[in-house]
1. Test G97 against the criterion of being surrounded by 23 or more Cβ atoms within 10 Å (Cβ to Cβ) and at positive phi, and give yes or no.
2. Would you check if E19 is surrounded by fewer than 22 Cβ atoms within 10 Å (Cβ to Cβ), more than 20 Å from G125 (Cα to Cα) and not assigned by TED's automatic domain parsing to the domain that holds L265?
3. Restricting the search to the range 275-305, which residues are assigned to a helix (DSSP H, G or I) and over 29 Å from I42 (Cβ atoms)?
4. I'm checking my understanding of the structure. Among residues of the range 177-186 that are touching an Asp or Glu at 6+ places or on another chain (Cβ under 8 Å) and buried (at least 22 other Cβ atoms within 10 Å of the Cβ), which one is farthest from L138 (Cα to Cα)?
5. Being out of contact with any Asp or Glu (no Cβ under 8 Å at 6 or more places or on another chain), surrounded by fewer than 20 Cβ atoms within 10 Å (Cβ to Cβ) and closer than 16 Å to V248 by Cβ is the filter here, so list the residues in the range 189-212 that pass it.
6. Mind listing just one residue for me: the one in the range 285-304 that is charged (D, E, K, R) and in contact with a strand residue (DSSP E or B) (Cβ under 7 Å, 6 or more places away or on another chain) and, of those, surrounded by the fewest Cβ atoms within 10 Å (Cβ to Cβ)?
7. If you go through the range 12-45 one residue at a time, how many are closer than 25 Å to Y178 by Cβ and in contact (Cβ under 8 Å) with a residue 24 or more places away in the chain?
8. Give the residues of the range 123-136 that are buried (at least 24 other Cβ atoms within 10 Å of the Cβ) and either under 14 Å from A11 (Cα atoms) or modelled with pLDDT under 95 (or both), sorted by residue number.
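The values are calculated or read from the model by the stated rules, or taken from the named source; none is laboratory data. The shown structure was predicted, so the numbers you read here are calculated from the model rather than taken from an experiment. Glycine gets a Cβ as well: all are built from the backbone with ideal geometry, and neighbour counts include every protein chain shown.
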Amino acid sequence: MIVGIETSDDAAVYKLNDEMATIQTLDFFTPVVDDPYTYGQIAAANSLSDVYAMGGKPIMALNIVCFPTCLSMDILGEILRGGADKVIEAGAVVVGGHTVDDNEPKFGLSVTGIVHPQKVLKNCGCKVGEVIILTKPLGTGIINTAIKGEVASKDAYNTAVEVMATLNKYAAEIITKYPISACTDITGFGIMGHGYEMASGSNVTLKLFKDKIPYINEAKEYAEMGLVPEGSYNNRTYLQGKYELRDVPEWMEDILFDPQTSGGLLFSCSEDESEKILKELNELKLKSSIVGKVLPYEESYIVVE
């Protein structure tokens, strides 16, 4: 076992031989949008993301489905079609799965990937002096709350869907060409929670720049309206005493702790390499940004100013 549960990493990695290791991960959740096909795409992209965060390539996926028998099977078919299309886009195959009767739909994938044992990316290993790069904007949790409250604008909805449905495959294919010290993907614990895991596992402090953190524009407006998911408050409670915020407005706090669905990759690299990496990343649809730097451990694992 190369990677287990020691640092709350994104997936397990098991070495088969000197040339190949397998990556195993699983994720599923309730609908975040009403359209079943789009929901299937988002859930699949989210499940596949952990393989990319480990520096690997997904090869096989199993569907995980909870579905109420009172709903039309056509809806389930669209969910599965959306998931399958994302798996095909990833270059992997769906090989079946398991379905149970449940009161509320839930969908996701168990994904198997492969990686060279010497090229595994872990969520720890940040080095002092490196920069931190994020490959997708934040705010999808807040936007999803606004969608459920039927107050989200069409632009906010479309942007959030694009962010959530975009595979991290394309960013991963770029960054794995470079020496990356640590990598994770931003999901339910938000940038603060996953940043904390990187920092604590590396025994460093991550300093995040509040003015450099990208977010979906409408997330600020909706946060100021109080449309903040419950998970944001849970994240604050979990991280209590582990972070320091310096002159950060309340709406930005909400975005920092916002639980993301199928968020971007967060990784550390040398400042010298960062310019070349960003040049390639920013040729993709979603822009990447330097959001922080790695400092020697101070009194908190995460500092935002």
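1. On the way: surrounded by 23 or more Cβ atoms within 10 Å (Cβ to Cβ): no; at positive phi: yes.
Judged against the criteria, G97 is not a match.
2. Yes, satisfied.
3. Restricting attention to the range 275-305, the residues satisfying the condition of being assigned to a helix (DSSP H, G or I) are 275-281.
Result: E275, K276.
4. The residue in question is T184.
5. D211, K212
6. Initially, the range 285-304 is screened for residues charged (D, E, K, R), giving 285, 287, 293, 298-299.
From what is left, the residues that are in contact with a strand residue (DSSP E or B) (Cβ under 7 Å, 6 or more places away or on another chain) are 293, 298.
Values: K293: 19, E298: 11.
The qualifying residue surrounded by the fewest Cβ atoms within 10 Å (Cβ to Cβ) is E298.
7. Adding up the residues that qualify gives 10.
8. If the condition is that a residue be buried (at least 24 other Cβ atoms within 10 Å of the Cβ) and either under 14 Å from A11 (Cα atoms) or modelled with pLDDT under 95 (or both), then N123 is the only one that fits.
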